[in-house]
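Peer 1: Structure provided below as structure tokens; questions to follow.
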Amino acid sequence: MADTSSKPDHFEVRVLRQDGPQASSYWERHRVRYEPDMNVISVLQRIASQSQTVDGKEVSPVAWECNCLEEVCGACTMVVNGRVRQACTALVDRLMAEQESDIELQPMSKFPVQRDLVVERRRMFRGLEKSKAWVTVDTYGPMGAGPRISQTEQENNYPLSQCMSCGCCLEACPQYTKVELVQGDSESDDAFAERQDSTFDGEFVGAHAISQVMLFNGHPIAKNDANERLDSLMAPGGIQVCGNAQNCVAVCPKEIPLTTSIARAGRATTVRAITKFFG
Amino acid sequence: MPNQKVMIIGGGLAGLAAAMKLAELGVDVDLMSLTPVKRSHSVCAQGGINSVNKQTRLAGDNEWKHFDDTVYGGDFLNHQPPVKEMTEWAPRIIDLMDRLGVTFNRTTEGFLDHRRFGGTLYKRTAFAGATTGQQLLYVLDEQVRRWQSQGRVKVYESWDYLGPILADDGTCCGCVAQDLATMEIRSFSADAVVVASGGCGLIFGRSTMSMVCTGSAVSRSFQMGADYGNGEFIQVHPTAIPGADKLRLMSESARGEGGRVWVPSTPQDSRTPRSIPEAERYYFLEDRYPEYGNLVPRDIATREIFNICVNEGLSVEQGRQCVFLDLTHIERSELDRKLGGILEIYEKFQGVDPRDHPMKIFPAVHYSMGGLWVDYQKSGSGGLQWGSPQNQTTKIPGLYAIGECDYQYHGANRLGANSLLSCIFSGLLVAPSLVEWLKIVPKAAADQPSSLYEAARQERQVRHDKLLNRPSGGENPYLIHEELGDVLTKSATVVRRNPQLEEGIDKVLELKDRAAACSLSDTGNWTNQNVVFTKALQDMFPLALTVLRGALARDECRGAHFKPDFAMPSLKCEEPGERIREAEAWCDRFEGNVDKWLKSTIATWQGDDVELSYEEVDTSLIVPRPRLYGLVGADVIEEVWKERVAKRTDVEATTA
Ligand SMILES: Cc1cc2nc3c(=O)[nH]c(=O)nc-3n(C[C@H](O)[C@H](O)[C@H](O)COP(=O)(O)OP(=O)(O)OC[C@H]3O[C@@H](n4cnc5c(N)ncnc54)[C@H](O)[C@@H]3O)c2cc1C
Ligand code: SF4
Ligand code: SF4
Ligand code: FES
């Protein structure tokens, strides 16, 4: 149990800030009063409310993203004391036990920074679109129940369906590199989004999307589109980019068996390639 | 009319269900959300979603019973036609979710597995591990992405809805919104706008809800003329884990599996909980409700826990209210087997193993039954007329509301696992209604003058600029939010008393003025979360006043609204004849109360405060009956009541 007597009155938080896209980043130090049961979110809330650095300088509140505060929405991913994770489950007591010194917060490095700790992760959702991560049904009308699914199948699929697109697996992956484009002065929002999408499509999709392909290819109805999904994994930016470093699986907060999915996808794409060659 | 478009505000279950159904019906959809839709609050729902199913049917269940449980649970304040329609559609909705790939838990034979939730005798609740809401939201998100890839749906993520745009004739023809990154304020034209923005828990400071549940979208619609229904009905969950940032839900199953609730007999005993001897522990639920013990229903558990901390001063901690929920007497292996998932949540967030240390819990605001007032068209069979443009429309023509932010389905109290259902149902229901509305819109949005859109945009821009340019040294919005939360939590959650409510209103009015004088610590125009929060804060006051004024006016107890000064009494007489006479009087009083208070509270915004009016509730299908839980003499009252109803139906039969 949190033993408050041995806790400091205050502690320091170092935040890597950035005022906008492409702006240079800088460290800023804040002092926060210790309270029991704090997590990094409540630390950031205190910082926002104080808007003052250690040296008493008035500053704008640090920007960050969050929503559920229960580690199910994936919004609050950031690099805490050098490790990519969710801010909402980063407990101050635990951080202090792990590392005596200050708490250090940085935005993820694989996504464009929008401001401070807020990054733009649209590329992940584009990856899901490219992978056709959905079940194609005839209609939303009443057509009776879905296919029967055994307990074993459910137990295999459920872990994969918990992916919350948080991005930890991509931050940790040596093969996943940042793509940051700048909107042209005369470029419309739509044209910019299109240019982004086509750039994303040529770059590595990452472990999360490969795992989603295996989820849908294992579903009795969704597997009708299995070949298209495999083809997307064989295109540039697909599974061949993965160097099998296995960093992804180590950081996934949902403990999704990503390397198992990658291995399965590897075998499936090989079979697909052979069939296509002889087909 | 060509090029018509619907704008949906919110990508939770309700908004996404509406978007995919509209897309299927061939309507172009814009969908706007504060967060990427996949990160909407619906992901938090753990428990499950209700419907009659094959297994419950074998046990004698049917749609009517689900309907009856829902209106009885709602203390008859729900209009009955929409509830009847929803419960009839429930099995088809589960089928659809199943076809869309939700990884529901399965039985040995591969059918959907179900569990039992409060307020019913049947195992109606389908679930996917401990993350049902997340799984449901994901399949809808996937479907909407599928339509997006076909260009039928366009998603605007990280946009803040600032309010509807009304044409000269008062019809909604679009909305104004702000990009959270660039801070650009833009007008969107649309032939209908659907608000699907979820609950408003944040007006209570902290709650079990997510951080974007500020009610801002609802309040902005309300301030533009959409009425608000049943605002005073707020569900409080008995067991949440108090956190510095959020109050996280601790599932009812912890008590179901033998958890005991207690406080040390000595206030704020400083010993470690496990070293406090049995004799010095007060198991107040077991003591006061020997029959039900720790498993009293939600509202009773909530009131008792609240009472022991607030009024009896027996909170476990100084300066923070909580009681112990103790599982340490149960075998570890048994706990792991039965409660593994939820105990991990406690461990993850508290850093403490609940198998070794009693959990600390306290009630928390959990759900808002009230919401934007919406209409419906009743069908011949007492349900709803599909495709009527009246379904789910607010007071403003062309502005619709669905999901947790409408007031329609849960009356005075929501049954567990009925909310995910009402969200998806209202989303699917509104789609064909919008198709019909599009056929009869008085004037296509595309034909409205551009000056209308520019004026609406300009108005919001002025408000924004004024806020940014406020002199420094004024009020701090984050601190005012804390104060607002404290006032509402004190006066309008578990136990409500008129003097406290009156005091609460005074304080809220004062805070409202102070919030208008906030200074921003960020005056820039790039991802300025400070200004977005301050606007949301200022827009909390109309809703806070709606809750308080509604609660003050309603001098009775109904569902989640508990006013001890107006509670129906237990029977006191011992002598059987006397007791029956007393029960008759009790039933007279109950009927009088039904006449007076079985009405929806309708709030209208008057520019600086709310005005209340009342609307009859459609109880045409099931006659309201008393909820007698925990009353002394309940059996006698029930007998008397049944006789009355029987007599009345006889009379109706003979006169018919
Ligand atoms: C902890 C918890 C557990 C629960 N468990 C269950 C359960 O087991 N079973 C059950 O039936 N119910 C449960 N509920 C209730 C249920 O989860 C919610 O009622 C439901 O998910 C609400 O869905 P929604 O679509 O109405 O809104 P939400 O999912 O809240 O979505 C609202 C959307 O509106 C957007 N939005 C809000 N404001 C704005 C704005 N100003 N501008 C633009 N967009 C905006 C948000 O970004 C979001 O996309 C639970 C609730 C909680 C808090
Ligand atoms: S296994 Fe592949 S996807 Fe995972 S971290 Fe390594 S390279 Fe990246
Ligand atoms: S696979 Fe895991 S780490 Fe990667 S996005 Fe999904 S939840 Fe996050
Ligand atoms: S806020 Fe949702 S995962 Fe942390």
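The values are calculated or read from the model by the stated rules, or taken from the named source; none is laboratory data. Being a predicted model, the structure only gives us computed values, none of them experimental. In this analysis, Cβ positions are derived from the backbone assuming ideal geometry, glycine residues included, and neighbour counts consider all displayed protein chains. These accessible areas exclude ligands, DNA and RNA; they are computed on the full protein's heavy atoms, side chains included. Shrake-Rupley method; radii C 1.70, N 1.55, O 1.52, S 1.80 Å.
Peer 1: Restricting to bridges with both residues inside the protein assembly as shown, how much of the DSSP beta-bridge set is antiparallel, in percent to the nearest 5?
Peer 2: Percent antiparallel among DSSP bridges in the protein assembly as shown is about 75.
Peer 1: So, taking all protein chains as they sit and a 1.4 Å probe, how much accessible area belongs to B:Asp191, in Å² rounded to tens?
Peer 2: B:Asp191 has an accessible surface of roughly 10 Å² with all protein chains in place.
Peer 1: Scan around A:Met38 for amide H atoms under 5 Å from its own, H built in the peptide plane at 1.01 Å from N, and keep only partners 5 or more places away or cross-chain.
Peer 2: Amide H to amide H, under 5 Å and 5 or more residues apart or across chains, A:Met38 pairs with A:Val92, A:Asp93.
Peer 1: Quantify how strongly other chains surround peptide A:133-142 by giving the mean number of their Cβ atoms within 10 Å of each of its Cβ atoms.
Peer 2: Mean partner shielding for this stretch: 6.
Peer 1: Report the full-extension gain for the segment B:Lys466 to B:Thr182: residue separation times 0.36 nm, less the Cα-Cα distance, to one decimal in nm.
Peer 2: In short, 100.5 nm is gained.
Peer 1: What whole-number value in Å² describes the accessible area per residue of the range A:10-115 for a 1.4 Å probe?
Peer 2: Heavy-atom accessible area per residue stands at 36 Å².
Peer 1: Also: I want the local charge near A:Glu104. Using Cβ-Cβ distances under 13 Å, sum +1 for each Lys or Arg and -1 for each Asp or Glu among the other residues.
Peer 2: With Lys, Arg at +1 and Asp, Glu at -1, the neighbours total 0.
Peer 1: What is the ratio of the Cα radius of gyration of the range A:10-115 to 2.2 N^0.38 Å, with N the residue count, to two decimals?
Peer 2: 1.01
Peer 1: Quick one: if you stick a label point 7 Å off each Cα along the C-beta vector at A:Ser188 and B:Val310, how many nm between them?
Peer 2: Taking the two extended label points, one gets 5.5 nm.
Peer 1: Continuing with the same structure: Mind listing the lone cysteines of chain A, meaning no other Cys beta-carbon sits under 4.7 Å from theirs?
Peer 2: Cys with no partner Cβ under 4.7 Å: A:Cys88, A:Cys163, A:Cys166, A:Cys168, A:Cys173, A:Cys242, A:Cys252.
Peer 1: Percent relative contact order of the range B:469-553, based on C-alpha pairs within less than 8 angstrom and at least six residues apart?
Peer 2: 43
Peer 1: How much of the calculated P(r) for the protein assembly as shown lies past 56 Å, in percent of all Cα pairs?
Peer 2: 9
Peer 1: Continuing with this model, one more query. Tell me which aspartates and glutamates have Cα within less than 12 Å of A:Lys57's Cα, excluding those fewer than 8 residues away on the same chain?
Peer 2: Correct list for A:Lys57: A:Glu28.
Peer 1: Would you grab the residues whose amide H sits under 5 Å from the one on B:Arg106? Only those 5+ places off in sequence or on another chain, please, with H modelled 1.01 Å from N.
Peer 2: Distant-sequence amide H within range of B:Arg106: B:Asp113.
Peer 1: Got a number for the accessible area of B:Thr131? Probe 1.4 Å, square angstrom, nearest 10.
Peer 2: In the full protein context, B:Thr131 sits at about 20 Å².
Peer 1: Could you go through the range B:532-545 in sequence order and give the Karplus-derived ³J(HN,Hα) for each residue, using 6.51 cos²θ - 1.76 cosθ + 1.60 with θ = phi - 60°, rounded to whole Hz, and x for Gly and Pro?
Peer 2: 5, 5, 4, 4, 4, 4, 4, 7, 6, 5, x, 6, 4, 5
Peer 1: Assuming 0.36 nm per residue, please report the length gained on full extension of the stretch B:Asp356 to B:Glu652 beyond their Cα-Cα distance.
Peer 2: Separation in residues times 0.36 nm, less the Cα-Cα distance, equals 100.4 nm.
Peer 1: Oh, and also: Just for chain B, what percent of DSSP beta bridges are antiparallel, to the closest 5?
Peer 2: 70
Peer 1: Now for a different question. If each DSSP helix of 4+ residues adds -39,500 (n - 2.57) and the sum is divided by the residues in chain A, what number results at 222 nm, nearest 500 deg cm²/dmol?
Peer 2: -11000 deg cm²/dmol
Peer 1: Roughly how big is chain B's charge dipole about its Cα centre, with Cβ charges of +1 (Lys, Arg) and -1 (Asp, Glu), in debye to the nearest 20?
Peer 2: 1260
Peer 1: Give the cross-link partners of A:Lys132 among the lysines, using a straight C-alpha distance below 26 Å as the criterion and excluding same-chain residues fewer than 8 apart.
Peer 2: By straight Cα distance, A:Lys132 reaches A:Lys110, A:Lys178, A:Lys223, A:Lys254, A:Lys276, B:Lys5, B:Lys21, B:Lys38, B:Lys154.
Peer 1: Sticking with this one: Quote the Stokes-Einstein diffusion coefficient, in whole µm² s⁻¹, for the range B:410-567, based on the Kirkwood radius over alpha carbon pairs, a temperature of 10 °C and a viscosity of 1.306 mPa s.
Peer 2: D = 82 µm²/s.
Peer 1: Also, I was wondering about something else. Dividing the convex hull volume of the alpha carbon atoms of the range B:568-655 by its residue count, what do you get in Å³ per residue?
Peer 2: 130
Peer 1: Please identify the longest segment of chain B free of exposed trypsin sites (Lys or Arg not before Pro), where exposed means a DSSP state other than H, G, I, E or B and no more than 12 other Cβ atoms within 10 Å.
Peer 2: B:272-571
Peer 1: Give me a single rounded figure for A:70-79: the average over its residues of other chain Cβ atoms within 10 Å of their Cβ.
Peer 2: Average per residue, whole number: 6.
Peer 1: Which entries of B:Lys507/B:Lys596; B:Lys563/B:Lys599; B:Lys246/B:Lys360 show an alpha-carbon separation above 21 angstrom in the structure shown?
Peer 2: B:Lys507/B:Lys596
Peer 1: Averaging over all projection directions, find the projected area of the Cα convex hull of the range B:478-636 and quote it in nm² with one decimal place.
Peer 2: Here the figure is 12.7 nm², rounded to one decimal.
Peer 1: Moving to a separate point now. For chain A, calculate the relative contact order in percent as a whole number, restricting contacts to Cα pairs under 8 Å that are 6 or more residues apart.
Peer 2: Reported relative contact order: 16 percent.
Peer 1: Given a cut-off of under 8 Å on Cα pairs at least six residues apart, what relative contact order in percent is computed for the range B:237-363?
Peer 2: Computed over the range B:237-363, the figure is 34 percent.
Peer 1: Leaving ligands, DNA and RNA out of it, rank B:Tyr376, B:Tyr72, B:Tyr228 by accessible area with a 1.4 Å probe, largest first.
Peer 2: Sorted by accessible area, descending: B:Tyr72, B:Tyr376, B:Tyr228.
Peer 1: First measure r as the distance between the Cβ atoms of B:Ser451 and A:Met143, then evaluate 1/(1 + (r/R0)^6) with R0 = 51 Å and state the FRET efficiency to the nearest 0.05.
Peer 2: That pair, B:Ser451 with A:Met143, gives E of 0.60.
Peer 1: Rounded to whole Å and ordered largest first, report the semi-axes of the equivalent ellipsoid of the range A:1-66 derived from its Cα gyration tensor (root of 5λ).
Peer 2: Calculated on Cα positions only, the semi-axes equal 25, 13, 10 Å.
Peer 1: Pull out the extension gain between B:Arg115 and B:Cys573, defined as 0.36 nm times the separation in residues minus the alpha carbon to alpha carbon distance; nm, one decimal.
Peer 2: That pair, B:Arg115 and B:Cys573, stretches by 160.8 nm at full extension.
Peer 1: Run the 1.4 Å probe and let me know the accessible area of A:Tyr158, rounded to the nearest 10 Å².
Peer 2: 40
Peer 1: Compute the acute angle (0 to 90°) between the alpha-carbon long axis of helix A:189-202 and the principal axis of greatest extent of the alpha-carbon atoms of chain A; round to the nearest 10°.
Peer 2: Orientation of helix A:189-202: about 70 degrees from the principal axis.
Peer 1: Can you report the principal axis dimensions of the range B:227-266 using only the alpha carbons, biggest first, rounded to whole angstrom?
Peer 2: 46, 25, 21 Å, listed from the longest principal axis down.
Peer 1: With N set to the residue count of chain B, report its C-alpha Rg divided by 2.2 N^0.38 Å to two decimal places.
Peer 2: 0.96
Peer 1: Tell me the label-point distance for the pair B:Lys439, B:Asp375, using the 7 Å Cα-to-Cβ offset, in nm and rounded to one decimal.
Peer 2: With each label point 7 Å from Cα toward Cβ, the separation is 1.7 nm.
Peer 1: Using R₀ = 45 Å, calculate the FRET efficiency as 1/(1 + (r/R₀)^6) where r is the Cβ-Cβ separation of B:Arg581 and B:Lys490; round to 0.05.
Peer 2: Efficiency computed from Cβ-Cβ geometry: 0.65.
Peer 1: Need one number for the range B:469-553: average projected area of the convex hull over its C-alpha atoms, nm².
Peer 2: Mean shadow area of the hull around the Cα atoms is 5.5 nm².
Peer 1: State the percentage of accessible surface on the range B:568-655 attributable to carbon and sulfur atoms; use a 1.4 Å probe and exclude ligands, DNA and RNA.
Peer 2: 54
Peer 1: Toward the positive end of the charge dipole of the range A:17-77, about the Cα centre and with charges on Cβ (Lys, Arg +1; Asp, Glu -1), which of A:Thr53, A:Tyr34, A:Asn67 goes farthest?
Peer 2: A:Thr53
Peer 1: Here's another thing I want to ask about it. Can you tell me the mean projection area, over all orientations, of the convex hull of the range B:237-363's alpha carbons? Units nm², please.
Peer 2: Result: a mean projected hull area of 7.3 nm².
Peer 1: Excluding ligands, DNA and RNA, what is the accessible area buried between chains B and A, summed over both sides, using a 1.4 Å probe, to the nearest 100 Å²?
Peer 2: The buried area between B and A, both sides summed, comes to about 6200 Å².
Peer 1: Suppose each label sits 7 Å from its Cα in the direction of the beta carbon; what would the B:Ala59-B:Arg337 distance come out to in nanometres?
Peer 2: It is 2.1 nm.
Peer 1: Once phi is turned into ³J(HN,Hα) by the Karplus curve 6.51 cos²θ - 1.76 cosθ + 1.60 with θ = phi - 60°, what whole-Hz value does each residue of the range B:548-559 show in order, with x for glycine and proline?
Peer 2: Values, residue by residue: 5, 5, x, 5, 5, 5, 7, 8, 6, 10, 8, x Hz.
Peer 1: Still on this structure, please answer the following. In the range B:469-553, carbon and sulfur make up what percent of the accessible area (probe 1.4 Å)?
Peer 2: 50
Peer 1: Would you calculate a helix-derived [θ] at 222 nm for chain B, using -39,500 (n - 2.57) for each DSSP H run of n ≥ 4 and dividing by the full residue count, to the nearest 500?
Peer 2: After summing the helix terms and dividing by the residues of chain B, the value is -12500 deg cm²/dmol.
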